[in-house]
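Below: the structure, in structure tokens.
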Amino acid sequence: MPNSGSNSVKEQSTASGQTEVGVAVLPFKNISPDSSLDHICQGFMLELITDFSRFKSFKIVSYNSSSLIDPDVTTESEAVRNLNVDYIVKGTFSHRNTIVNMYVQLISTYDNRLVWAGKYQDNVDHIFTIEENVLEQLVVALQQQLNADIISDYKKKPLANLNAYACWLLGFNELKKGTLEADEKAREYFQQAIDIDPQYSKAYTGMSLSYFNEWSCQIWDRWDVSRKGAFEYAKKAFDIDDNDYTAALVLGRIYLYNGAYDTAEHFLRKAIRLNPNDTDVLIQAASCFAFLGYPAEGLKMYYRAMNLNPAANDSYRSYGIILHFENGEYEKALEIAQLDIGRYGWVDMPAFIAANYYMLGDEEKMNEYWQIFVDQYKDKIAYGRDFSPAEPLEWMVRANPQKVKSKITVFWNYMRSRLNVEQPAVFEKKKIKSPPFLFRQHDGVWHIAYDGKDLVMPGVKGLADIHKLLSAPAREVHCSELMGTSIATDDNYLIFDEKAKKEYREKITRLKEAIANAERTGAESKLRKLQEEYDQLINYLAASTGLGGKARKANPLIDKVRSAVTWRIRNAIDRIEKKHPSLAKHLSISIKTGIYCRYSPENPVDWSL
């Protein structure tokens, strides 16, 4: 029965402008006499909560809260209502002979309706493998079912009454249609989401994807305009939330097509790392990895996406054709192609099929599929105008961002020879060697090289501070200059009295002794922390005393700015340390923070900035 009254969970969340849908995973129940399954039930619930939390669209109730709920209660119970969620997940485990059975339900708390159910069965000896596989499939299935259920419900409501997440979801559903009209409709939903919540990163990601659709496969005569829109909105999304895996994916693809291969790989791997269960992310990244020269890795991503999302197999097959081709598995690629006849997702997909037949020596089939490609090119790219025989090939070469010479390059070279095109398709691009000491920002991403190792990092304010210090070695830079603000000179106050100053100096003496001891014992981590504390005290004391060592008056805002800048720089160094410990150590020793900051390395470094 539906909940009584008008204050349903969905209505409450809509009224509050909530941007997430609430989901609670209740304890899974062991319904067999074998008590050994009890810990399996508990562990499965905890793992499901953890995996489900990767999807930023949903607000997942913590284990501590949901584990207190009796799994036998209905959604009408007060305990479930107090969780204030839209859906609950519950299920059972049973064990008979050597077989384990698992039954899972997804229930809407709005009307106590069973939305989805799944049953899994396998040998008890494989219980942990079962658990891992079921978790992955279940998370994806639940997300898709939740989205479908929410879309169906929200389509009945006026746009003005929807929350930001609902607008995003409806917009994303439009994007899947793959038409220009749907893209325009999607932008209306995404803009509505931005109007509701200007800091909702997924809305900007949606905007980016709408332009990305046009840029990548629809309006080729607006290539630059669409690419700019896709990049700027994705960058905005990532600036708001650097854990937005969809934004990271879009940025990775755009950097790939711009030829910034290392930056592209950085963002693509970040997207996968942030959510390895999102099959749309996996399949898109898989094709990019083929272009980057990692076809074997891309093929693993492809089959992971296929296994996690069987319902999307039809739309994913085109990726499998390319990936099997680049892995030299031509027969396998053609097996997939036979399932895709007449519904080529990409304009040049028939050309990839032709390439497979070329590699197998079947010229007749190669010619057949090349002609299909030319016909599609005339219809979708040339809009019916006449063109030279070589034009579709040249377009395909430009449209596929190969980092290195690959198997498709071999086919292109053959076709160029056959079509009497003078310029060979040589795509083996030598990696541009970075300067030995590099600290430079490009398109919002930092490219850094030191001690023979390169790294790429997203923009954070502390890296910009470090860049400014590196550009003027030994120069003292006031913290307000790094902050980019001016500080008034009125409303001064005494920073500390003589007694406090004496206590600081005694503490500095103790720190000197501790630093000397840490140097003797080789305690690097301890030495770094002591040195930071020492530098801060010295800077503070120096900035707080005037002529004759007397306590000096200072602006009350300076200490706040000093603290903020110090945190920014130290936070940036901490991020660097995770990827490049030797560079982090160099910066920690060489950069002094305080009211005045400076970069003073023991040995000069010739940075390319």
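The values are calculated or read from the model by the stated rules, or taken from the named source; none is laboratory data. As the structure is a prediction and not an experimental result, all values here were calculated from the model. So basically every Cβ, Gly included, is an ideal-geometry build from the backbone, and we count neighbours across all protein chains shown.
What the table below lists for this structure:
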item	result
Residue match in region 61-75 (condition: at pLDDT 80 or above and either within 28 Å of the chain's Cα centre (by Cα) or farther than 17 Å from D34 by Cα (or both))	yes
Filtered residues of region 383-402 (kept if modelled with pLDDT of 85 or more and assigned to a loop (DSSP other than H, G, I, E, B))	D386, F387, S388, P389, A390
Filter result (touching a residue at least 12 places away in the same chain (Cβ under 8 Å), polar (S, T, N, Q) and closer than 29 Å to D34 by Cα) within region 77-109	T92, S94, T98, N101, Q105
Tally, over region 561-609, of residues that are among the aliphatic types (A, V, I, L, M) and assigned to a strand (DSSP E or B)	1
Members of region 355-403 that are basic (K, R) and within 16 Å of R416 (Cβ to Cβ)	R398
Some residue of region 360-372 being surrounded by 19 or more Cβ atoms within 10 Å (Cβ to Cβ) and touching a Lys or Arg at 6+ places or on another chain (Cβ under 9 Å)	no
Close pairs (6 angstrom Cβ cut-off, 6 or more residues apart or separate chains): in the same structural domain as L463 (by TED's automatic domain parsing) in region 565-579, outside any helix (DSSP H, G or I) and surrounded by 17 or more Cβ atoms within 10 Å (Cβ to Cβ) anywhere	T566/T593; I569/T593; K579/L455
Selected residue (criterion: surrounded by the most Cβ atoms within 10 Å (Cβ to Cβ)) from residues of region 259-278 that are under 15 Å from the mean Cα position of the chain (by Cα) and part of a loop (DSSP other than H, G, I, E, B)	D278
Yes/no for I573 being among the hydrophobic types (A, V, I, L, M, F, W, C) and touching a Lys or Arg at 6+ places or on another chain (Cβ under 8 Å)	no
Some residue of region 82-94 being surrounded by fewer than 21 Cβ atoms within 10 Å (Cβ to Cβ), at pLDDT 80 or above, in contact with a Gly (Cβ under 9 Å, 6 or more places away or on another chain) and under 26 Å from P276 (Cα atoms)	no
Options I341, I283, I353, I322: the member that is at pLDDT below 90, among the β-branched types (V, I, T) and assigned to a helix (DSSP H, G or I)	I283
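Residues are listed down the side, and each one gets a yes or a no for (1) closer than 23 Å to S201 by Cα; (2) crowded, with 24+ Cβ neighbours inside 10 Å; (3) touching a strand residue (DSSP E or B) at 6+ places or on another chain (Cβ under 8 Å); (4) assigned by TED's automatic domain parsing to the domain that holds V410:
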position	(1), (2), (3), (4)
A247	yes, yes, no, yes
D280	yes, no, no, yes
R304	no, no, no, yes
G328	no, no, no, yes
